[in-house]
Amino acid sequence: MPKRPQDDLAGTTAPPAKSIDSPPLPDVPVPLLGNLAPSQFMRRYWQKKPLLIRKAIPGIVPPLTRDELFELADSDDAESRLITHFRDAWRLEHGPFAPSELPSAKRREWTLLVQGVNLHDDRARALLDRFRFIPDARLDDLMISYATDGGGVGPHFDSYDVFLLQVHGKRRWRIGAQKDLSLKPGLPLKVLQHFEPDEEWLLEPGDMLYLPPHIAHDGIAEGESMTCSIGFRAPSANELTGQFLYHLAERGEAMNSSLKDERYRDPRQPAVTTPAQLPQALIERVGAILAQVKWTERDVASFLGSYLSEPKANVVFDPPHRHLSEAAFIRNASRSGIRLDRKTVLLYGAHSYFINGEEERLLRGQKWLAELADARRLGAKRFVTLSGDGAVTALLHEWYCAGWVQVGEFA
């Protein structure tokens, strides 16, 4: 296989993530949104219309080099896809990919997609955190798309919002708000059958394009290119309904207490000559039971917090090889603070908090927990104020031992 040239993309990387920016203030303009305040962006554009932002992040450097991205694509823990368009034929393969399985960087029209890079690299996590003016419950992941000249995934649409941030090279985007979203049959990708673009832009490093759901778009690399896609969770009604009912059934909280242990009875069932036919009385009785399934707003909050903080199937936490004792943990955290692991999701509601799919009651005096969730870190001074509370330090030490929390504010 031809050796890949060691160019700027292969050898230049972003500096280590030294901080996790606090979410931008709602009413303060930011370059990331074209000098709009987050509140203005959400009101004018979010789920309404596209927005092109020139120099959203001036001087940006890819969070991973090309070689680092290729190395991540070779990992069993990362979700990766290889898309080629050689000889006008679309082909899709799923990783992991050994280096020898990827085409040469000199060959045209291929794309490598690596999903959830924020789960594996603190620089990608820090970039994703710039978008936390949108609730964590909606924020999904950061995907990196590497493409050679002419590479792309075909004209398509997404069912969720996405920010497309150019971090290296150039990519030409064409978009259209068409109503015909039918797909070409027989392809391994969801490629639109009739693409009707009405706007076109060439994005250079630092430029960003926001697209609401169902806007048709097609991005073609001009030369070697790398794009970061910041995507958002948008579960379907079917998915939410099924998971919510499972959540209720698992907790046994949806039924009137007098009915929970009641078995089906049919003392008036007559003898039948059509034994394979569903009895009408059975249908009516089960319908009456299901009609008594009830839930409250608190049940919904409990479901959403648990469901949306649940790690994805491929997420594995790395506990410390030799973990500190609780006393040593307190000493170290009092000097350097703590931070949530980049894979940890910590959410909270009015009555509970949720960490990596687990729900716990939110007690009075746990204001620090909301601070940790919102900032994803607690500074050393703040930790010292909490260190006298044994229940707090024991809980944080437990999370540290599980790999959910790291010592030190910054990676």
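What follows is calculated from the coordinates using simple rules that are stated; it is not laboratory data. As the structure is a prediction and not an experimental result, all values here were calculated from the model. Glycine also receives a Cβ, built like all others from the backbone with ideal geometry; neighbour counts cover every protein chain displayed.
From the Kirkwood radius over Cα pairs of segment 8-232, Stokes-Einstein at 25 °C and 0.890 mPa s returns a whole-number translational diffusion coefficient of 137 µm²/s.
Residues Met208, Met143, Met42, arranged from fewest to most other Cβ atoms within 10 angstrom of their Cβ, appear as Met42, Met143, Met208.
Convert 37 °C to kelvin, take the viscosity as 0.692 mPa s, use the Kirkwood radius over C-alpha pairs of segment 326-407 as Rh, and evaluate the Stokes-Einstein diffusion coefficient in µm²/s, rounded to a whole number. Diffusion coefficient, whole number: 260 µm²/s. Taking θ as phi - 60° and the Karplus parameters 6.51, -1.76 and 1.60, the scalar couplings of segment 150-160 work out to x, x, x, 10, x, x, 7, 9, 10, 8, 9 Hz in sequence order, x denoting glycine and proline. Using the average count of surrounding beta-carbon atoms within 10 Å as a protection proxy, the listed peptides 310-321, 119-130, 66-77 rank, highest first, as 119-130, 66-77, 310-321. With contributions of -39500 (n - 2.57) from each DSSP H run of at least four residues, the per-residue ellipticity at 222 nm computed over the chain stands at -7500 deg cm²/dmol. Structural descriptor for segment 8-232: relative contact order 24 percent, calculated from alpha carbon pairs under 8 angstrom and at least 6 residues apart. Remark on Val153: its backbone amide H falls under 5 Å from those of Gly219, a criterion applied only to residues 5 or more positions apart or on other chains, H modelled at 1.01 Å from N. Distance check, please: which entries in Lys170/Lys312; Lys55/Lys381; Lys48/Lys190 exceed 28 angstrom between their Cα atoms? Check vs 28 Å cut-off fails for Lys170/Lys312; Lys55/Lys381. Between Rg and the Kirkwood Rh of segment 260-376, both from Cα atoms, what is the Rg to Rh ratio? Here the Rg-to-Rh quotient is 1.28. So which residue, out of Gly223, Gly152, Gly365, gets the largest mean-square fluctuation from a GNM of the chain using Cα contacts under 10 Å as springs? Answer for the Gaussian network model of the chain: Gly365. Out of (i) 22.0, 75; (ii) 20.8, 63; (iii) 25.3, 82, which label holds the value of Rg and Dmax of the Cα atoms in Å that was computed here? The value computed from this structure is option (iii). For segment 185-245, the equivalent ellipsoid built from the Cα gyration tensor has semi-axes of 29, 18, 12 Å, listed from largest to smallest.
Put in line by how crowded their Cβ is, counting other Cβ atoms within 10 Å and starting with the fewest, Arg174, Arg91 read Arg91, Arg174.
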